[in-house]
Amino acid sequence: MKDVKQHTSIDFKDIIITSPFWKDRIELMAEKVIPYQWDALNDNIAGAEPSHAIENFRIAAGDSKEPFHGMLFQDSDVAKWIEAASYSLVHYPNKDLESKIDEVIELIGRAQQKDGYLNTYYTVACPKKRWTNFSFGHELYCAGHLIEAAVAHFNATGKNSLLDIVCRYADHIDSVMGPENNKMQVYCGHEEIELALVRLYHVTEEKRYLRLAHYFINERGKQPCFLENESTYGSDLNKSRWSLLDYHQAHKPVREQTKADGHAVRAMYLYTAMADIALETGEKELEDALEKLYDNVRQKRMYITGGLGSQGHAERFTFDYDLPNDTAYTETCAGIGFVFWMHRMLHLNTKSSYADDMERVLYNGILSGISLDGTRYFYVNPLEVLPEAVQKRFDLDHVKAERVQWFGCACCPPNIARLVTSIGQYIYTVSDHTIYTHLYIGGEAHINLKDGEVNITQTTHYPWEGSVKIQVNTKIKEIFTLALRIPDWCNHYHMSINGEAVSSLYKENGYLLIRKEWEEEEVVEIEFDMPVQLIQAHPKVRENAGKIAITRGPLVYCVEEVDNGSNLSALSIALGSEFEKEYRHDLLGGVVILKAEGYREDEAATGGELYRIATNSDKPIKIVAVPYSMWGNRGNGEMSVWIRKK
Ligand SMILES: [Zn+2]
């Protein structure tokens, strides 16, 4: 395969984040979240659902005689924690944490079998069932997360202790699966191994790993589908819900898939890997398939928060425009997978909508998954919550009205930790002579272009304010381009270079291109107008008919009971309402809240009747909105993103 990559990322090690919004969150990860999650994985948090994930490795290593406990993919929680902890070490060195990572890697090494196999569930609980349940067994999924952890650990620390372990495991997998007649022609029911093998290839340059990832992608969806012949298939699950082939994106070959179907996290990890393979091979057919899938997601299947997955049953996509607010699944992991996919798409083809959606889900549908203190989590991120309904309605069994300490199935918490601790890598991409700025996050970046080095210092109070200052420092004498994304929410902006206003810059695919010879130190300033916007959904989104959502810049806002009283469905707001914005240091860790004159339907006018002749009984009130991602940090109460349009 020839190397056809156009764009590269910047190593997250070369970016130091200084934006208060993100710096605070990264520090929270280093100081509180990573130690907290370590305690959770070791069952040291009173009242939290047990994990047993570390204990499972002890059992597999022969250190403990306890029975295996937890989900059969419990190993992946440890892997994601190692990944997050490794990223964190780069900018927040911590000897104690480093030795914890070393210890757990040593334990993982001892849990590895002689032939390289490494999975505690199958080693401890059913050793004779290895590689027999590709539909739901998650063996390759867990392998993928271990590989990602090893790559992160190697990149962050230079140590190859975990890398050596996973290479032995990947070699084992490569020896038993693949296109050759003496191997199993299979793939995993939960994608993840594919993108992980590409990452492993990038650090080891071992082409077998890339070939195996490519093979898994090519094999997926071939009919008749081998998954249906597995003895486990549909045996203990409701076949109509969880065992449809599209649940695994296995209903047709990946290049023929045009709609985002099935389990949302699986879909995101698959599309990420498809983009990885397209980047390595330059295959147009794969890229075209990804474009179709993306159009379907962006135009018809994505929540305004960037959340993905409309239904709790099978945690999946359903059909176009089916975006219910209260029964939404919108798993935090699906949002994280969406970031991975959009980031890869930006490498394939730099279009600003990919970065718009990466930003949308990052600031809304992902950050909602973690409390401001870092110790409570949502798995499901609905856009409307009524605590009593969550408690009493069986179709809301998957929803929680308050974030919890941990989950029996804890995929999301360490996934957020690994994303936030490596957020720097999503800000820029680079081609030979262009630096693309996708996210406005303050920090210092060291960037290598073809002709030399560039240091970029970005300063901003984003997402609260739209002003961004970019200092460019370089000794490069040749012309190069600084490309700045114009966010899709921004209709007006003002720009200056070294204090002089600039208005006639060339715009391409949503990016302003500043192409010039740069002096040693120059300053680009851009001010994105960030007005409050009232957004309506496509009329086919039934649940949002007659409703609007409040946004400002990249942030989706919501109303909460604590600010607006109960029964939020009685609230309404008129188009053209004047919004007052207020930065509150004392609230939610520092936040811009929005206030406007709105209305509340007067309950007294009903006379207690369930039905009556329709009248206008709205009374004026003040509506207060806070960023959706921060909801639920002030006790148990109602929340809604969409409000009736007056
Ligand atoms: Zn998850």
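Below is a table of values for the structure above.
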| item | result |
| --- | --- |
| DSSP-loop trypsin sites (Lys or Arg not before Pro) across region 401-478, with at most 14 other Cβ within 10 angstrom | Lys450, Lys475, Lys477 |
| 10 Å binning of all Cα-Cα separations within region 253-418, expressed as whole percents from 0 upward | 11, 41, 33, 13, 3, 0 |
| Members of Lys95/Lys475; Lys80/Lys292; Lys222/Lys259; Lys469/Lys622; Lys32/Lys114; Lys595/Lys619 lying beyond 25 Å, as alpha-carbon distances in this model show | Lys95/Lys475; Lys80/Lys292; Lys469/Lys622; Lys32/Lys114 |
| Distance violations [Cα-Cα > 28 Å] among Lys284/Lys477; Lys581/Lys645; Lys516/Lys581 | Lys284/Lys477; Lys516/Lys581 |
| Given charges at beta-carbon only (K, R positive; D, E negative), |dipole| of region 1-130 in Debye | 540 debye |
| Long-range Cα-Cα pairs in region 532-645 (distance over 24 Å), rounded percent | 27 percent |
| Cβ-defined net charge surrounding Met530, 11 Å radius [Lys, Arg +1; Asp, Glu -1] | -1 |
| Simple label model, 7 Å out from Cα along Cβ direction - Lys450 to Asp488, nm | 3.1 nm |
| Dipole axis of the chain (+1 Lys, Arg; -1 Asp, Glu on Cβ), positive-most option in Ile447, Pro20, Ile34 | Ile34 |
| Cross-link pairs beyond the 28 Å C-alpha cut-off, checked among Lys400/Lys547; Lys351/Lys400; Lys252/Lys300 | Lys351/Lys400 |
| Residue exposure sequence - Trp341, Trp131, Trp642 - by fewest surrounding Cβ within 10 Å | Trp131, Trp642, Trp341 |
| Projected label distance in nm at Asp164 and Lys540, using a 7 Å step from Cα toward the beta-carbon | 5.6 nm |
| Ranked packing of 567-575, 363-371, most packed first, by mean Cβ within 10 Å | 363-371, 567-575 |
| FRET efficiency, 1/(1 + (r/R0)^6) with R0 35 Å, evaluated for Asp24 and Glu49 via beta carbons | 0.80 |
| Electrostatic dipole magnitude of the chain [Cβ: Lys, Arg +1; Asp, Glu -1; Cα centre; debye, to 20] | 1120 debye |
| Prolate/oblate/rounded label for region 350-492 (Cα gyration tensor, a/c 1.5) | prolate |
| Value at 222 nm in deg cm²/dmol, rounded to 500, when DSSP H runs of n ≥ 4 in the chain each add -39,500 (n - 2.57) | -9500 deg cm²/dmol |
| Trypsin sites (Lys or Arg not before Pro) restricted to DSSP loop in region 541-641 with at most 12 other C-beta within 10 Å | Arg612 |
| At most 14 other Cβ within 10 Å, DSSP loop - GluC sites (Glu not before Pro), region 286-374 | none |
| Amide H contacts of Cys490 (H built 1.01 Å from N, under 5 Å, at least 5 apart or other chain) | none |
| Options Met345, Phe378, Tyr271, ranked by Cα towards positive dipole end of region 253-418, top entry (Cβ charges) | Phe378 |
| Whole-Hz ³J(HN,Hα) from phi, Karplus 6.51 cos²θ - 1.76 cosθ + 1.60, for region 65-70, glycine and proline x | 9, 5, x, 4, 9, x |
| Fewest-first ranking of Glu402, Glu384, Glu638, using other Cβ atoms within 10 Å as the exposure measure | Glu402, Glu384, Glu638 |
| Positive minus negative residues near Arg208 (Lys, Arg vs Asp, Glu; Cβ under 15 Å) | -2 |
| Packing-based exposure ordering (other Cβ within 10 Å, fewest first) of Asp373, Asp586, Asp563 | Asp586, Asp373, Asp563 |
| All-pairs Cα distance distribution in the chain, expressed in whole percent, bin size 20 Å | 19, 53, 26, 2 |
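Readers should treat all values here as calculations from the given coordinates under stated rules, not as data from a laboratory. Predicted model only: the values in this text are computed from it and were never measured. No Cβ is skipped: glycine too gets one built from the backbone with ideal geometry, and neighbour counts run over all protein chains shown.
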